[in-house]
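The values are calculated or read from the model by the stated rules, or taken from the named source; none is laboratory data. Remember, predicted model here, so these are calculated numbers, not experimental data. Virtual Cβ from ideal backbone geometry, glycine too; neighbours counted across all protein chains shown. Only protein heavy atoms, including side chains, enter the accessible area calculation; ligands, DNA and RNA are left aside. Shrake-Rupley method; radii C 1.70, N 1.55, O 1.52, S 1.80 Å.
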Amino acid sequence: MSERRRLAWALLAASALLGLAGLACGSDGWSWPAWGSGDDGLIVSRIRAPRTLGAWLVGALLGLAGAIAQGLFRNPLADPYLLGSASGASLAVVAVLAASALGGGAVAWSAADGLARFGLVGAAFVGALVGVLFTLVLARGARETSRLLLAGVVVGVVLTALGDLLASAAPEALRGRQVFMLGTTSFLGWGSAVWLAAGLLVILPVAWRLARVLDALTLGEDSAMSLGLALPRWRLVLVAALALATGLAVSQAGLVAFVGLVSPHLVRRWAPAGHGYTVLASTAAGGVLLLAADVLARSLIAPQELPVGVVTAVLGGGYLLWLLYRGRVV
């Protein structure tokens, strides 16, 4: 069996096993309540099942975005938040929280449902897209990769500073901002899973079809253009796919670190291939990584939970540190 098939089967098996673990893991420890019987059935069908599926989908979108970013910038350390999406989403969330605090309303990123939760999710999604849009405006489109990368760094710094200023003006918003910055899957429901799945079903085929553009970019921009590719146009489409995938994931789960960065690394180490396979496998690997982190976050100190972004940062950061130490970053 080839390396690609082995990896595909391993990701499929890991997704299934972790999915079962997600259904069995709760605030009262490990249990396997009957699906359709009374309160136990409601716990599984309304809380654990949508959270488990939602966590996998958030990770899949981040893994997909990471594969696009690393192929687009030809940099193994590129991540989905590189173009200002994270800082834009954070600023938008802080703006909503600050407005609510100054107006005397409740301040909480953690509202499980209702208008407050919808407003925060919508603000995070729009903020992520606006952050990438500012980057494109500053870079004057997507013609030059280096200019686009530099613009993303500048936009990220500026929007983060604006978010800090807003948080200083409304200290009550700091708690909600902290929850958003650390990442959480605690409030993923069936509605969130539907939006995440719809986004993945739209973005993944586009990224897979444009994998040939990413393959051509590995030869250099001049060589890619000599092949007849309209790089500025296709680069813009890839940036749009990257922004949408990141915006959807961030709006539902906050800033989950390292999943988008590590997933393509794992795929390239275990089954080196062209970007067509890498994009698909990184999507599945991202889902597996975040779902594993979510199960750990729920179970390590139950009945309390760790922020899932902290778990991914420790595991993903540790893995990258080991790669850097061994000189094996690819």
* Taking ALA24 as meeting all but one of (1) farther than 29 Å from ALA207 by Cα; (2) modelled with pLDDT of 90 or more, write down the number of the exception. => (2)
* Would you mind finding the one in LEU238, LEU306, LEU315, LEU296 that is surrounded by fewer than 24 Cβ atoms within 10 Å (Cβ to Cβ), under 21 Å from TRP30 (Cβ atoms) and modelled with pLDDT of 90 or more? => LEU296
* Asked: Between residues in the stretch 34-50 that are at pLDDT 85 or above and in a helix (DSSP H, G or I) and residues that are open to solvent by less than 50 Å² (accessible area, probe 1.4 Å) and among the polar types (S, T, N, Q), which pairs lie under 9 Å by C-beta distance while being six or more apart or on different chains?
  -> PRO50/SER192
* When the stretch 172-190 is examined, which residues are found to be touching a residue at least 60 places away in the same chain (Cβ under 8 Å) and in a helix (DSSP H, G or I)? -> GLU172, ALA173, ARG175, GLY176, ARG177, VAL179, PHE180, MET181, LEU182, TRP190
* Asked: How about the stretch 168-209: which of its residues are open to solvent by 70 Å² or more (accessible area, probe 1.4 Å) and β-branched (Val, Ile, Thr)?
  -> VAL194, VAL202
* To do: Report yes if some residue within the stretch 253-265 is in contact with a Phe, Trp or Tyr (Cβ under 7 Å, 6 or more places away or on another chain), of a type outside the set (Val, Ile, Thr), open to solvent by less than 30 Å² (accessible area, probe 1.4 Å) and at positive phi; otherwise report no.
  => yes
* Structure fact -> Selection from the stretch 121-167 of residues of a type in the set (D, E, K, R) and open to solvent by 80 Å² or more (accessible area, probe 1.4 Å) yields ARG140, ARG143, GLU144, ARG147
* Asked: Scanning the stretch 37-96 for residues that are open to solvent by 10 Å² or more (accessible area, probe 1.4 Å) and at positive phi, which turns out farthest from the chain's Cα centre (by Cα)?
  -> GLY38
